[in-house]
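The values are calculated or read from the model by the stated rules, or taken from the named source; none is laboratory data. On a predicted model such as this, the values are computed, not experimentally measured, just so you know. Counting neighbours? That spans all protein chains shown, and the Cβs are built from the backbone with ideal geometry, glycine included. Keep in mind that these areas ignore ligands, DNA and RNA; they rest on the heavy atoms of the full protein, side chains included. Shrake-Rupley method; radii C 1.70, N 1.55, O 1.52, S 1.80 Å.
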Amino acid sequence: MIPAMPTTRNYALIPAAGSGSRMGSVLPKQYLPLLGKPMIHHTLAVFCSHPGISRVYVVLDPDDTDWERHDCGAFDDKLEVLRCGGATRAATVKNGLAAMAGKAHERDWVLVHDAARPCLTHAMLDHLLAELRDDEVGGLLAVPVADTLKREGADGRVDHTEPRSGLWRAQTPQMFRYDLLRRALQADGAAASTDEAQAVESLGHAPRLVMGDGHNLKVTYQEDLVIAELLLSKAEKK
Ligand code: C5P
C-alpha cells in the first residue's frame, strides 16, 4: 500500500513585538483602538476565522504588559501566544519559528503577517493561498508602485527620478514553507531583512509576487488609523 501523503497545513505567524515608534504613541500601535477594539484583535480575527488556517501564533515582546488587558478569548481554539519577540521584526519571526519546532512540519506553509495590517480580508487570503498552494518557493501579496519615485539628493532636493516600472510594494502575508523560512532567517545577514521574502531571496530563491490590494495597508502613522477605521467599518457593513 502506498503511504498517504501527510496533509500540508497553513499556519499564521503574527509578529507583534514592535514598539511602533513612528506612530508617536506610548501604547504600542498594535494595541491602539480601531472601532473600539485593539488593532491586533482585527488582525487575529481574520486568521482565526479562516477555515484554511490551522493555527495562529502571535509573537509578543517578552515584557509586553498590554496583551492581558484585552480579551482575546474568542480565539482560544486556534490562537497560541508566544512571548519571544526580538529586537527586530526578523528576530521576532525567527524566534517564533523556533518556538513552532515540533508543531510545524518542513513542508507546512507559514503565513507571516504584520499585526499592524488589520484590514486584510478573507478574499485577499483566499487569493494568496490559491495562487501559492503548488508553488515550490512561496511568495507574498504586493501591489505595483503607483507614485513617481524621487531619489533624495542634498538639502532636501531631488537628485533624480527613479523608474517605477517593475517595482512593487511588498505587503503581508508572506507565505513560505516552514523549513525554507527557518533556514532563510537563520542565515548570515538575515537579521537585516525587512521582510521574509528578502531573507528567502538571499538564499537564491525568487518568491512569487501575488497581486494584493491597496486596502491591506500597514498602519504606521497617525493618519493611517483614520483610513484603517474607515476600511474596517465598510467591511463590517457588508
Ligand atoms: O514597525 P513595523 O511597522 O515595520 O512593524 C511591522 C510588524 O512587525 C508589526 O506587527 C510589529 O509589531 C512587528 N515587529 C515585531 N518585532 C519587532 C519590530 C516589529 O514583531 N522588533
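Shape of segment 12-68 from its Cα gyration tensor (a ≥ b ≥ c, root eigenvalues): rounded if a/c is under 1.5, otherwise prolate when a/b > b/c, or oblate? It is prolate, given that a/c is not under 1.5 and a/b is the larger ratio. A cut-off under 12 angstrom between Cβ atoms defines the neighbours of Met100, and their net charge, with Lys, Arg +1 and Asp, Glu -1, is +1. Can you work out the base-10 log of I(q)/I(0) for segment 128-199 at q = 0.22, 0.26 1/Å, using the Debye formula on its C-alpha atoms alone? Reported log10 I(q)/I(0), two decimals: -0.99, -1.12.
For segment 8-24, 3J(HN,Hα) computed residue by residue from phi via the Karplus equation (6.51, -1.76, 1.60; θ = phi - 60°) reads 8, 9, 10, 10, 9, 10, 10, x, 9, 10, x, 9, x, 4, 5, 6, x Hz, glycine and proline entered as x. From the largest down, segment 31-113 spans 39, 32, 17 angstrom on the principal axes of its Cα atoms. Using θ = phi - 60° in the Karplus curve 6.51 cos²θ - 1.76 cosθ + 1.60, the 3J(HN,Hα) couplings for segment 166-177 round to x, 9, 10, 9, 6, 10, 10, x, 10, 10, 9, 6 Hz; x is entered for Gly and Pro.
Once you've got the Cα coordinates, tell me which of Lys37/Lys94; Lys37/Lys78; Lys150/Lys218; Lys103/Lys237; Lys78/Lys218 are over 26 Å apart.
Details: Lys37/Lys94 28 Å; Lys37/Lys78 19 Å; Lys150/Lys218 22 Å; Lys103/Lys237 37 Å; Lys78/Lys218 24 Å.
Too far apart for the 26 Å limit: Lys37/Lys94; Lys103/Lys237.
Suppose we keep just the DSSP beta bridges with both residues in segment 1-132; what percent of those would be antiparallel, to 5? Antiparallel bridges: around 10 percent, rounded to the nearest 5. Overall size of segment 176-221 from C-alpha positions, given as principal axis extents largest first: 33, 24, 16 Å. Counting Lys and Arg as +1 and Asp and Glu as -1, what is the net charge of the other residues whose Cβ lies under 13 Å from the Cβ of His70? With Lys, Arg at +1 and Asp, Glu at -1, the neighbours total -2. Database remark: amide H of Leu111 closer than 5 angstrom to the amide H of Tyr11, Ala12, Leu13 (H placed geometrically; neighbours at sequence offset of 5 or more, or on other chains; Pro and chain starts carry no H). Couplings 3J(HN,Hα) for segment 48-57, derived from phi with the Karplus relation 6.51 cos²θ - 1.76 cosθ + 1.60 (θ = phi - 60°), are 5, 9, 8, x, x, 9, 6, 8, 10, 10 Hz, where x marks Gly and Pro.
Given a 1.4 angstrom probe, I'd like the percentage of the accessible area of segment 101-238 that is carbon and sulfur, rounded to a whole number. Could you put the intermediate results ahead of the total?
Working: 3840 of 7670 Å².
Carbon and sulfur together cover 50 percent of it.
Put Arg183, Arg83 in order of accessible area, highest first, and with a 1.4 Å probe you get Arg183, Arg83.
When only alpha carbons are used to place a centre, segment 55-105 and segment 172-238 end up 17 Å from one another.
So what is the accessible area of the chain per residue, in Å², with the probe set to 1.4 Å? Walk me through the numbers on the way to the answer.
Values: 12620 Å² over 238 residues.
Accessible area per residue: 53 Å².
Each stretch of four or more DSSP H residues adds -39500 (n - 2.57); spread over every residue of the chain, this sum gives -8000 deg cm²/dmol at 222 nm. Shape summary of the chain, radius of gyration then Dmax from alpha carbon positions: 18.2, 72 Å. The residues packed around Gly85, meaning those with a beta-carbon under 10 Å from its beta-carbon, carry a net charge of -1 if Lys and Arg are +1 and Asp and Glu are -1.
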